[in-house]
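> Just dropping this structure here.
No value in this document is a laboratory result; all are computed from the given coordinates. From a predicted model like this one, the values you see are computed outputs, not experimental measurements. Reconstructed Cβ throughout: ideal geometry from the backbone, glycine too, with neighbour counts over all protein chains shown.
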Amino acid sequence: MVRRRIAVLIPSFAVPGILTMFSAAGPAAGAPRVAAIVVLLSTVPVAAAVATARKSFTWWRRARIQRAVAVAFTVYADVGTSIFLLLCSSHALGLAGCALFAVISSYVAFFGGRATVVVHLVLTTVVIAWMTALVLREQPIGAMATIAAATSIWLAVNGTMSIVSTSSISLHRHLERQIDSARTDPLTGLLNLRGLEVQAKRQLRGRSQVGFLLVDLDHFKWVNDHHGHIAGDGVLALAAQRLRDHLGDRAVVARRGGEEFLVVLDAQSTELHALAESIRVALSDPADLIPVTVSIGVSCLDTTRMTAAPIASTINHGMHLADIAMYRAKAAGRNTVVVYAES
């Protein structure tokens, strides 16, 4: 909706220009008028491009390509507006028309990063100062009145933008923190399943094999019953920390719920059993105040055979197979590793 409204607003910028063309204050005949017409006509293809640019006018996603689009669009809008205003025969009208920059400022405040804000601030300040100098040379309303008008226009264009931009950046960071919080388990600091899916999509896209390790703390209900839930939470937090330290950045680690942790990583099937054994050893320390052991179920998927399946489905399928292997490890006496096999 926002993108389409911007697309409609762009050719609307041409309306004051068209009206100016029919007045004596507009661009002079010849090259100035031709250049002005070109600027006005350019709003049509730009509006069409904006109407189809689905991912470049989203306030809460400031990826590199979107920042580049914001800078390019701001430069186009500022330069096009500046050219037309400078072509006007009446510099007083051109100075008054600088108020149009305020509309561009509202776009910059929400969609532009720091670089875009700086570019817009510099360009508009230079144009307003230049138009003010031209009006002062003509002295149609007096020096003080001209300076007062120019100052008012500059404040309307850039003062509001600075306030809104700062607020927008703060809100954007706040929303990022809220999103991170929604994807994180508050007790262990690990990802939850929602965060796992997002992170795994980024890390495992294009991988040929994906391994899944489901790590379950043995007899955890006994820990809660005999030591209390606070002590149980401490055991979970310690296990999560050891799991994170042991794997580092190699894998995506999440708390699936309760006393279960899920590890997703790019690894060959032949490596997974040894890795799971190393995790089993790393998480169990007889010297702990509350010693625990873990049972680990392992599965591996060849994603080249699942090219049509979305990554979320791949994760769910791999997690399901690892879950089956983990229950087999429990049935085998716990404190062991079982790799899923069809048999």
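> Positive end of the charge dipole of region 193-339 (Lys, Arg +1 and Asp, Glu -1 on Cβ, about the Cα centre): tell me which of Gln268, Val235, Asn335 has its Cα farthest that way.
Gln268
> Taking H placed 1.01 Å from N in the peptide plane, check which residues at least 5 places from Gly26 or on another chain put their amide H under 5 Å from its amide H.
Ser89
> May I pose another question? So how much slack lies between Asn316 and Ala115, counting 0.36 nm per residue of separation and subtracting their Cα-Cα distance, in nm?
68.2 nm
> Roughly what would the spin-label model give for Arg207 and Arg328, points 7 Å off Cα along C-beta, in nm?
2.1
> Any idea how far apart Thr166 and Ser106 come out in nm if each label point goes 7 Å out from Cα toward Cβ?
Label-label distance for Thr166 and Ser106, simple model: 2.1 nm.
> Answer with one residue from Ala53, Ser89, Thr124: the one whose Cα lies farthest towards the positive end of the charge dipole of the chain, charges on Cβ with Lys, Arg +1 and Asp, Glu -1.
Of Ala53, Ser89, Thr124, it is Ser89.
> Hey, with R₀ at 25 Å, roughly what FRET efficiency would Ala53 and Arg33 work out to, going by the Cβ-Cβ distance, to 0.05?
0.20
> Next question, about the same structure. Enter the Cα centre distance for the pair region 128-185 and region 1-54, rounded to the nearest angstrom.
That distance is 23 Å.
> Once label points are set 7 Å from the Cα along Cα→Cβ at both Asp233 and Asp249, what is their separation, rounded to one decimal in nm?
Modelled inter-label distance: 3.2 nm.
> Report, in degrees rounded to the nearest 10, the 0 to 90 angle that the Cα long axis of helix 2-12 makes with the longest principal axis of the chain.
Computed tilt is about 10 degrees.
> Helix 114-138: angle to the longest alpha-carbon principal axis of the chain, degrees 0 to 90, nearest 10?
It works out to around 10 degrees.
> Now a separate question. Within region 165-208, what residues put their amide N at less than 18 Å from the label point 7 Å along the Cα-to-Cβ vector of Leu9?
Under 18 Å, as judged by backbone N against the label point of Leu9, lie 165-169 of region 165-208.
> Any chance you could give the angle, 0 to 90 degrees and rounded to 10, that helix 143-154 forms with the longest Cα principal axis of the chain?
The angle comes out near 20 degrees.
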